[in-house]
Amino acid sequence: MKFFGLLVISLSLTIPALAGAEKLTLAHVAINPSQGMLWVAKDSGILAKYGFTADIVLIPGTPRTVQALIAGDLDYAVAGSPAALRARMQGADVVMLAGLNSYPSQRVFVKRDANLQSPKELKGKIIGVTQFGSAGDTFLRSALKKIGLKESEVTILQMGGTPGVSQALEAGKIEVGVLGDSGMLLVFRGIARPLKGASAKEMGFLGLDGPLSTTERKIKANPAAVSRFVRAYVEAIHYVKTNKAGTIRIFQKYMRGLSEDDLGTWLEEFRDGLRPAPYPDEEALRAELDQIGAPKSQSTASFINTTFLDELKKSGFIDKLYK
């Protein structure tokens, strides 16, 4: 049985296989706009246009997702950077192809009625994260250090994934949790609120939000197919930036219960930060390497592959999309 067989929650919509199309298994770790770029690529017909069919699965927890990617159970994954960076430093062949913007979406959420108003008040609290080593866990430990709290002054619990943190907050089992943009689903439902001053952006932590990763094995086996997939991904970004109504319709399939107004507001903020050419920001990558304790001598170049984006830029493909 494949690695993720007992772990994933399938979010794919079954469609007839296209004759001669390459079947892909794609994964993301949370339900939010940046992770939803894969939904857009599929449901808009862009993947089919470039000769792909796909199953898109949700695998709670970035470390688990990266393990499945390395094991060969996935073709591409959209997940937080820290687990991929650690795996690469340990010799794995995982590599990042794209990054949506230069600030990670991680932030601290608290129960709506919690008597917490500032990050320093986290002292003594139980804080839920998806998994140890995840983007949220890495952010939290860096945030505690920045505000002058020791890790021993809080209790950090791993909840298994984004759904686990969300459900624990909703059930009142924890008062504080760290989530990416998917935490906004709890805000819209009146369950939680962001803790003021406790987001990666507010605290000045650069990082890659929802980077797209694959393996060097995948690239070497069929670079032409990888090139087509990156082209489809870039076109999906264009779709989100230029077709708000269509994007909302796609997102509503996966965010059932979220109103069109709330989703539109959320999407508007997300679209503003999207770059037409989604190069992984090297300064943001350097900052994430520093957060996980990588040697200063560690080059950022070994973690990314921009060959396919370079090809698109040189060919004029991206400029033509936005004309």
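The values are calculated or read from the model by the stated rules, or taken from the named source; none is laboratory data. Note that the structure is a prediction, hence the values are computed from the model and not measured. Note: ideal-geometry Cβ built from the backbone for every residue, glycine included; neighbour counts use all protein chains shown.
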Handout entry: Extreme residue, nearest to Gly133 (Cα to Cα), among residues of the range 308-320 that are surrounded by fewer than 18 Cβ atoms within 10 Å (Cβ to Cβ) and either small (Gly, Ala, Ser) or in contact (Cβ under 8 Å) with a residue 40 or more places away in the chain (or both)
Key = Glu311
Practice task
Select from the range 218-244 the residues that are among the β-branched types (Val, Ile, Thr) and over 14 Å from Tyr50 (Cα atoms) and write down the one among them that is surrounded by the fewest Cβ atoms within 10 Å (Cβ to Cβ).
Solution key: Thr242
Completion exercise
Of the residues in the range 121-151, those that are charged (D, E, K, R) and not in a helix (DSSP H, G or I) number 3
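Kindly indicate the residue of the range 37-67 that is assigned to a loop (DSSP other than H, G, I, E, B) and either in contact with a Phe, Trp or Tyr (Cβ under 6 Å, 6 or more places away or on another chain) or at pLDDT 95 or above (or both) and also surrounded by the fewest Cβ atoms within 10 Å (Cβ to Cβ) among those meeting that condition. Reasoning before the result, please.
Applying the first criterion (assigned to a loop (DSSP other than H, G, I, E, B)) to the range 37-67 yields 44-45, 50-51, 59-61.
Now drop any that are not either in contact with a Phe, Trp or Tyr (Cβ under 6 Å, 6 or more places away or on another chain) or at pLDDT 95 or above (or both), which leaves 44-45, 50-51, 59.
On the way: Ser44: 20, Gly45: 11, Tyr50: 19, Gly51: 14, Ile59: 26.
Across the range 37-67, the extreme among qualifying residues is Gly45.
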Fill in the blank from the handout: Only unsatisfied item for Arg107, checking (1) charged (D, E, K, R); (2) within 18 Å of Pro33 (Cβ to Cβ); (3) at pLDDT 95 or above, is (3)
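Looking at Leu258, Leu267, which is the one that is modelled with pLDDT of 85 or more and crowded, with 17+ Cβ neighbours inside 10 Å? Break it down into steps so the answer makes sense when it comes.
Details: Leu258 fails: modelled with pLDDT of 85 or more.
Within the list Leu258, Leu267, the selection yields Leu267.
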Problem - Evaluation of Ser166 against (1) buried (at least 18 other Cβ atoms within 10 Å of the Cβ); (2) not in a helix (DSSP H, G or I) (one fails), failing number - result: (2)
